[in-house]
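Down below is the structure, laid out as structure tokens.
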Amino acid sequence: MNYMRYGDKRVLEENYAMMKRWLEYVAVEAAKNPDDIGELTPERAERLKYIWNTGWQYGDWLTPSDCTDDEGNFRYLPRKWPLKYFTPSCFYIYSADLMTKIALLLNRPEDSERYAALAQKIREASRTELYDERGIPKEDRQGAQIFTLYFHVLPQEYEDMILQHLLDQIRENGGRMDTGFSSTQYLPDVLTRAGKVKEAYDCLFSPEPP
């Protein structure tokens, strides 16, 4: 953000080694699998190296629909963690994309190519593991559509369909957001970038609780 505002590369140069170590750590964690992963063919085992589905993950924490009991009363601790592994896999893509750009800015073309290839592998694995054959997230929530659009997880030809699906979900929820800590911040950007300015304001200023 500092570079984007002021064009000063020093903060990138000073922290480049640390950022590389972070992605190296994520790669190691993503290469592991939880015990309940299901059948593992050699092809799927290779894909799953790029899905971050291990460790403690908050996912899209405090999504409202998961924070009420059967009587509609608020629960501080959700019944489950929505988008538990969908969220970190999307941020894995985001981190690889950022490092692709940063490495190029810092005249490290080999690193940039390597991170671009990594981002593509995560996207390809995500398309199979996290989405159904139509391109709809298997864990079909507003937050999943938001992450898909904001981080460009799927090829561009899917984005109009995903955007419409998100708008339909918001409408079916009475015009209200059903998004957690992670995805709420990106909802206005996703809608306004697509020209849905009125819909973004309607969500943000709805007098109804999410």
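The values are calculated or read from the model by the stated rules, or taken from the named source; none is laboratory data. Bear in mind the structure is a predicted one, so any value in this text is a computation, not a measurement. As a convention, Cβ positions derive from the backbone with ideal geometry for all residues, glycine included, and neighbour counts pool all protein chains shown. What goes into the accessible areas is simple: the full protein's heavy atoms, side chains included, and nothing from ligands, DNA or RNA. Shrake-Rupley method; radii C 1.70, N 1.55, O 1.52, S 1.80 Å.
Here, the stretch 2-46 has an Rg and a Dmax of 17.5, 50 Å when only alpha carbons are counted.
Please list, ordered by chain and number, the residues whose modelled amide H lies under 5 Å from the amide H of Tyr131; skip anything fewer than 5 residues away on the same chain. So Tyr131 has HN proximity to Lys138. Of Val28, Val153, Val11, the order by accessible heavy-atom surface (1.4 Å probe, DNA, RNA and ligands excluded), from most exposed downward, is Val28, Val11, Val153.
The overall shape of the stretch 131-196, judged from the alpha-carbon gyration tensor, is rounded, with an a/c ratio under 1.5. Computed in the context of the full set of protein chains, the accessible area of the stretch 78-127 at 1.4 Å probe radius has 53% of its extent on carbon or sulfur.
Could you please report the charge total around Ser65, scoring K, R as +1 and D, E as -1 over all other residues with beta-carbon less than 9 angstrom from its beta-carbon? Cβ neighbours under 9 Å give a net charge of -1.
These residues, Lys84, Lys101, go from largest to smallest accessible area, 1.4 Å probe, as Lys101, Lys84.
Helix 109-129 and the longest principal axis of the C-alpha atoms of the chain enclose an angle of approximately 30°. The listed residues Glu24, Glu14, once ranked by accessible area (1.4 Å probe) with the largest placed first, stand as Glu14, Glu24.
Calculated [222 nm] ellipticity per residue, helices only, for the chain: -17000 deg cm²/dmol; basis is -39500 (n - 2.57) per DSSP H run with n ≥ 4, divided by all residues, nearest 500.
For the residue pairs Lys32/Lys196; Lys49/Lys196; Lys49/Lys138; Lys20/Lys196; Lys138/Lys196, the alpha carbons lie more than 28 Å apart in Lys32/Lys196; Lys49/Lys196; Lys20/Lys196. Each residue was assigned an accessible area with a 1.4 Å probe, and for Arg171 the value is about 140 Å².
Of all the options Met18, Met161, Met99, the one that moves most in a Gaussian network model of the chain with Cα springs shorter than 10 angstrom is Met18. Over 32 Å, how big is the tail of the calculated P(r) for the chain, in percent of all Cα pairs? Cα-Cα pairs of the chain separated by over 32 Å account for 23 percent. Taking every alpha-carbon pair under 8 Å whose residues sit at least 6 apart, the chain reaches a relative contact order of 18 percent.
Taking every alpha-carbon pair under 8 Å whose residues sit at least 6 apart, the stretch 1-126 reaches a relative contact order of 22 percent. One chain, two ends: Leu40 and Asp69. Fully extended at 0.36 nm per residue, the span grows by 6.9 nm beyond their Cα-Cα distance.
Rolling a 1.4 Å probe across the protein heavy atoms gives the stretch 57-195 an accessible surface of 50 Å² per residue. Short to long, the 10 Å bins of the Cα pair-distance histogram for the stretch 31-73 hold 22, 33, 24, 17, 3 percent of all pairs.
Basic side chains Lys and Arg get +1 at the Cβ, acidic Asp and Glu get -1 at the Cβ, and with that the dipole of the stretch 106-210 about its Cα centre reaches some 200 debye.
Relative to the longest principal axis of the Cα atoms of the chain, helix 159-172 runs at roughly 30 degrees.
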